[in-house]
Every structure is written in C-alpha cells, then in structure tokens.
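Contents: one structure, followed by commentary.
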Amino acid sequence: MIVYLKRSFVAAVMLVAATWSARAQSAAPVSMDVEFSSALHQEGAKLKLYREWPKRALIDTGSLDNQRKFTFHVSDSLPAVFTLSARKPFMDQTIILDKGICRVVLNADSQLTVSGGEKQAILEAYLKMMKPMEKDWAATGNKYMKAANLEEKLLAEKENQIQAEKVQSVRLAFVKKNANNIIGQWLAHTNINLWREKDLAVLKEIFYATRKNNVVSDEIEQKLLLAQANRFIGKKAPLFTLLSLQGDTVSLAQLLKNNKFVLLDFWASWCTPCRATNRNIAPIYADLKKKGIEIVSVSVDENKDLWKKAILADAIPWVQLIAPTAMKSKAVLNYQVKTLPATFLINQDGIVVKQNLELKDLESMLKNGL
C-alpha cells in the first residue's frame with residue numbers, strides 16, 4: 001500500500017510537471033516576421049505595430065524603404081492579436097499572428113490583402129462572409145436617414161431591424177464556433193458594445209468553461225451586470241404625477257388602483273420605433289383594456305405641438321402624459337430611461353413584473369394570460 005501511494009504521488013508530480021511544461025512551452029515566445037508593402041504610401045512613411053489585446057501596447061515602429069516595404073521582427077507568445085498602423089493614407093489593420101510569415105499588401109486600388117497563419121485565414125474568411133451582410137445593413141440605415149416621411153421611415157426601420165438581426169445572429173454563431181480559440185474571444189470583445197443583453201447571456205455560457213483562462217468572460221460579465229442594474233423587474237415602480245394631453249393631472253398611483261396592470265411606456269414623436277409600436281398596439285388596446293391592462297404613455301418630447309400631432313397621426317387611444325423637462329424629468333430619470341421606447345408592466349401592488357415588452361409579448365398575454 002505504501003509503495004502504491006508513493007508511485008501514485010510520483011505519477012501525480014510527473015503529470016503536473018508535464019502539464020506545466022506543456023503550458024510553459026505554449027506560452028514561450030515565438031519569432032516571426034510581419035512583411036508590409038504599399039503602393040499608396042511614400043518612401044519613409046511611418047509604421048507602428050501594436051499588440052492589440054487584451055491591452056494595447058506599442059511593440060515596434062518602422063519606415064518604408066525605397067521599395068516601399070518594411071519587415072517587423074516579432075517575438076511573442078502566439079497566437080495573438082496585433083494591429084499594423086500607418087498614416088497618409090490612414091491604415092489600421094488587425095492581424096492575428098500565428099505560425100509562418102504574415103504578409104500585408106496594400107494595392108494601388110486601395111485593396112488590402114493579408115496572408116498568414118491558419119487563424120488569420122479564418123478571420124479573413126469571416127470578414128469576407130460578413131461584408132455583404134454589413135453592406136445591406138448599412139444600406140437600410142441610409143434608407144432610413146434619407147426617408148422623406150414617417151411612412152418611409154417606418155418601413156426602413158423594419159428592414160433595418162431584419163438586417164441587424166441577421167448580422168448579429170451570424171456573428172454570434174461564428175463566435176460560438178470559434179470559442180475555443182483567440183478569434184472567438186477577439187470578436188466577442190470587439191463587438192462588446194453591439195451585443196444585446198440576450199446575446200451577452202449566450203456569450204457568457206459559451207465562454208463559461210474557459211472563464212479562468214480567457215480574457216473576455218469578465219468583460220461580458222461586466223456588461224451583463226450593467227444591463228441588469230437597469231432592470232426594474234421585482235422592484236417597486238417609482239410613482240409620479242404628470243399633465244395629460246387634455247391638461248389634467250394624472251397619477252400613476254391612481255391608474256394602478258383602478259387597473260390590474262399598467263403598461264408604462266416612455267416614447268417621443270421623433271422616435272420611429274416608438275411610432276411603430278404605437279400603431280401596432282392601437283388595434284389590440286381594447287382587448288388589453290378588457291383584460292384589466294391599462295396603458296399610459298409618457299412623452300419626452302420638447303416640442304408639445306409635435307407630440308400632439310403624433311398622437312393624432314397614430315390614433316393613440318390610451319392615456320397620454322408629457323414629461324415637463326423631457327429626458328431630464330424626474331420620472332424619466334427615476335426609471336433610468338436611456339433608450340426609447342422603454343416599457344414597464346406594473347401590477348396593482350406597484351411592482352414591475354415585466355420590462356421592455358414587445359408586441360409579441362402583449363399578444364401572448366392576450367392569448368395565454370400573464
């Protein structure tokens with residue numbers, strides 16, 4: 001038994017040593033070259049190479065020779081994300097250094113090609129795949145900006161949301177597929193301000209198994225905590241009294257007393273998604289009312305005439321109130337409204353039970369109850 005324990009102990013020590021050695025080997029610096037050539041930059045143009053992530057740091061600088069070329073010699077733990085920068089014309093190219101020489105070529109037609117290791121090839125294929133989808137997304141955004149009237153804006157907004165959903169879904173799927181390598185982590189990081197809360201929740205699960213070793217899990221967690229800090233579900237709804245469209249004072253407390261639920265909606269006449277929501281909810285308002293669900297909208301418009309005009313144009317039948325100092329009003333600040341529309345479903349006890357409801361949520365409530 002004693003011999004067995006000694007052998008087991010020795011084996012365990014050898015296993016730990018082997019594991020440590022393997023980790024040390026993978027973290028050992030690797031030497032490689034980054035070759036850059038440009039048909040657009042002049043001889044002597046300054047170049048900078050940064051180790052981009054998790055903390056941006058300048059690694060080296062250089063100048064193009066008379067053939068407008070320069071080679072950086074890098075020794076670092078790889079794979080890693082770097083950025084190659086130049087000015088006049090501006091260039092800021094992300095590269096993932098892996099094994100083998102990395103070549104960055106800027107052609108006379110402003111086309112930039114990057115060839116390198118396996119990870120770079122995966123990144124380039126991803127960027128090529130995303131380009132047409134992101135172009136379509138941008139086109140719907142431009143269409144919205146150029147829309148001549150509300151009807152055109154509403155249509156463009158709907159198209160834009162479809163394209164946005166498509167892009168985000170593909171991005172998320174690609175990150176999930178590459179969660180076990182630096183590409184997945186890098187893309188999760190670079191899009192951190194674009195992920196919706198539901199995307200962040202998925203990303204948290206994707207990287208959970210490697211959370212002690214990756215550098216993106218903490219960033220995702222912080223974003224989720226920030227989003228959850230603005231959640232009112234389960235909390236007491238702040239009460240307020242505001243002026244109605246007719247000039248009367250209306251209190252949230254009274255509305256709660258007279259109804260099973262109150263759907264509180266913050267909006268503005270200039271908010272296209274808000275206008276779309278108003279028009280979509282109007283046809284089912286009577287049915288919601290029968291279920292004991294009252295709606296009250298609080299406008300953050302600074303121009304009361306535009307507010308009144310929008311109410312008439314959208315034929316909104318429920319209670320309409322206005323915040324006296326728009327986004328700086330106490331009621332708006334108390335609900336931490338940062339984007340529009342912002343909705344809160346409040347029960348008769350004054351507790352927020354749902355937040356950021358969509359039309360499908362209201363339709364489900366009519367069909368299945370709360």
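The values are calculated or read from the model by the stated rules, or taken from the named source; none is laboratory data. If you're wondering where the values come from, they're calculated on a predicted model, not measured in any experiment. With ideal geometry, Cβ positions are generated from the backbone for all residues, glycine too; neighbour counts draw on all protein chains shown. The accessibility values were calculated without ligands, DNA or RNA, using every heavy atom of the protein model including side chains. Shrake-Rupley method; radii C 1.70, N 1.55, O 1.52, S 1.80 Å.
Things to note:
- Among the residues here, Pro273 qualifies as within 18 Å of Leu340 (Cβ to Cβ), within 27 Å of the chain's Cα centre (by Cα) and not in a strand (DSSP E or B).
- When the stretch 291-303 is filtered for residues that are open to solvent by less than 60 Å² (accessible area, probe 1.4 Å) and either in contact (Cβ under 8 Å) with a residue 40 or more places away in the chain or assigned to a strand (DSSP E or B) (or both), the ones remaining, listed by number, are Ile293, Glu294, Ile295, Val296, Ser297, Val298, Ser299, Val300.
- The listed residue being in contact with a Ser or Thr (Cβ under 8 Å, 6 or more places away or on another chain) and aliphatic (A, V, I, L, M), out of Ile322, Ile346, Ile351: Ile322
- Of the residues making up the stretch 342-370, those that are assigned to a helix (DSSP H, G or I) and basic (Lys, Arg) number 2.
- Residue match in the stretch 118-129 (condition: under 19 Å from the mean Cα position of the chain (by Cα), hydrophobic (A, V, I, L, M, F, W, C) and closer than 26 Å to Val34 by Cα): yes
- Selection within the stretch 135-153 - open to solvent by 70 Å² or more (accessible area, probe 1.4 Å) and touching a residue at least 12 places away in the same chain (Cβ under 8 Å): Asp136, Lys143
- Test: residue in the stretch 279-290 that is crowded, with 20+ Cβ neighbours inside 10 Å, under 12 Å from Asp314 (Cβ atoms) and not acidic (Asp, Glu): yes
- Within the stretch 219-234, the set of residues being open to solvent by 60 Å² or more (accessible area, probe 1.4 Å), of a type in the set (A, V, I, L, M) and without any contact (Cβ under 8 Å) to a residue 12 or more places away in the chain comprises Leu225, Leu226.
- Residue among Glu157, Glu205 that is touching a residue at least 12 places away in the same chain (Cβ under 8 Å), of a type in the set (D, E, K, R) and on the phi < 0 side of the Ramachandran plot: Glu157
- Test result for Ser21, surrounded by fewer than 11 Cβ atoms within 10 Å (Cβ to Cβ) and either farther than 18 Å from Thr113 by Cβ or at pLDDT 50 or above (or both): yes
- Residues of the stretch 304-341 that are assigned to a loop (DSSP other than H, G, I, E, B), closer than 13 Å to Trp267 by Cα and open to solvent by 10 Å² or more (accessible area, probe 1.4 Å): Ile316, Val337, Lys338, Thr339, Leu340, Pro341.
- Of all residues in the stretch 176-196, those that are more than 15 Å from the chain's Cα centre (by Cα) and open to solvent by 50 Å² or more (accessible area, probe 1.4 Å) total 3.
- Each residue in the stretch 49-98 was checked for being free of Cβ contacts under 8 Å to residues at least 40 places away in the same chain, over 17 Å from Thr190 (Cα atoms), open to solvent by 70 Å² or more (accessible area, probe 1.4 Å) and under 31 Å from the mean Cα position of the chain (by Cα), and 3 of them qualify.
- Single residue of Leu187, Leu256 found to be touching a Gly at 6+ places or on another chain (Cβ under 8 Å) and part of a helix (DSSP H, G or I): Leu256
- Scanning the stretch 114-134 for residues that are in contact (Cβ under 8 Å) with a residue 12 or more places away in the chain and among the hydrophobic types (A, V, I, L, M, F, W, C) turns up Val114, Ile122, Leu123, Met129, Met130, Met133.
- In the stretch 342-370, the residues that are small (Gly, Ala, Ser) and open to solvent by 30 Å² or more (accessible area, probe 1.4 Å): Ser364, Gly369
- Annotation note: of Lys166, Lys176, Lys204, Lys131, the sole residue that is in contact with a Ser or Thr (Cβ under 9 Å, 6 or more places away or on another chain) and modelled with pLDDT of 95 or more is Lys204.
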